[in-house]
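Right, one structure below, let's go through it.
The values are calculated or read from the model by the stated rules, or taken from the named source; none is laboratory data. Quantities reported herein were computed from a predicted structural model and do not represent experimental measurements. No Cβ is skipped: glycine too gets one built from the backbone with ideal geometry, and neighbour counts run over all protein chains shown.
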Amino acid sequence: MDLLSITGILVGVGAILLGVVLDGGDIGSLLNVPALIIVFGGTLGATLLQFPPVIFIRSMKMLSWVLMPKEGNLLAQIDKVVYWSNMARKDGLLGLENALPEEKDPFIRKGLQLLVDGNDADAIRDILELDMYAKENMGIQAAGLYEAMGGYAPTIGILGAVMGLIHVMQNLTNPELLGQGIATAFVATIYGVGSANLVFLPVANKLKTHVQELTQVREILAEGIIAIADGENPRNIKLKLGGYLHDAYEDKD
């Protein structure tokens, strides 16, 4: 559970609501169904028009990463590569076949299978790099959906404000309807700007960060698997991969 994300949401929304109360306003005044439908319905419609179904579905699945990110423990991955290296040194590359059933990650399974099949280091590098950057590109595209929503929402909010003002102008002779139109106009703007800057854009950047972290984990795994294919010493592999941690990796031998 990412407590920092939860804290960010609570602080951001809470600060706005607290400001309204301290200013003598009523929180209930921020609840406006027409404005809600205009802003979020319009934003969703524009987003569905821009993105193909596969990216939309992937972005919905990735949304959970904001609160429950995928684990990418770099130290654990380095230790895992060193373990494979020692296994290959002791039992040969075919011995790594015993490690395949233990791995659920398709990327890891592909890398180990390439080793077991006796592929050379260059072939393994080409295949794993292609797989790695394809996965990164798909993740960035999915995160870009929320970035697009963050661009549409304020504009749709302004559109809602204009529609509210049109309603006001059409009912200048009927004071009872003026308040509703004015409320829709201003609340729609709040919904648009607020959702973009408190939700959509932060979510997009958070997901991009997680995608980059997962890519770094795959880089470590790929480099380790390639080093095993080259027959490098397990200790040298450990030192090489430790460079990804910016000198933070401690020798645990």
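Tabulated data
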item: Which listed residue, of Glu219, Glu223, is out of contact with any Lys or Arg (no Cβ under 8 Å at 6 or more places or on another chain) and acidic (Asp, Glu); result: Glu219
item: Filtered residues of the stretch 67-102 (kept if surrounded by 15 or more Cβ atoms within 10 Å (Cβ to Cβ) and not in a helix (DSSP H, G or I)); result: Pro69, Gly72
item: Only one of Ala134, Ala196 that is assigned to a helix (DSSP H, G or I), aliphatic (A, V, I, L, M) and either under 30 Å from Val11 (Cβ atoms) or in contact (Cβ under 8 Å) with a residue 24 or more places away in the chain (or both); result: Ala196
item: Test: residue in the stretch 162-185 that is surrounded by 15 or more Cβ atoms within 10 Å (Cβ to Cβ), within 24 Å of Ile57 (Cα to Cα) and polar (S, T, N, Q); result: no
item: Sole residue being at pLDDT 95 or above and in a helix (DSSP H, G or I), chosen from Leu201, Leu221; result: Leu201
item: Residues being in contact (Cβ under 8 Å) with a residue 24 or more places away in the chain and either touching a helix residue (DSSP H, G or I) at 6+ places or on another chain (Cβ under 6 Å) or on the phi > 0 side of the Ramachandran plot (or both) - total across the stretch 115-130; result: 6
item: Some residue of the stretch 60-68 being of a type in the set (Val, Ile, Thr) and touching a Pro at 6+ places or on another chain (Cβ under 9 Å); result: yes
item: All positions within the stretch 103-118 that are within 23 Å of Tyr244 (Cα to Cα) and surrounded by fewer than 19 Cβ atoms within 10 Å (Cβ to Cβ); result: Glu103, Asp105, Pro106, Phe107, Arg109, Lys110
item: Selection within the stretch 121-136 - β-branched (Val, Ile, Thr) and under 14 Å from Pro106 (Cα atoms); result: Ile127
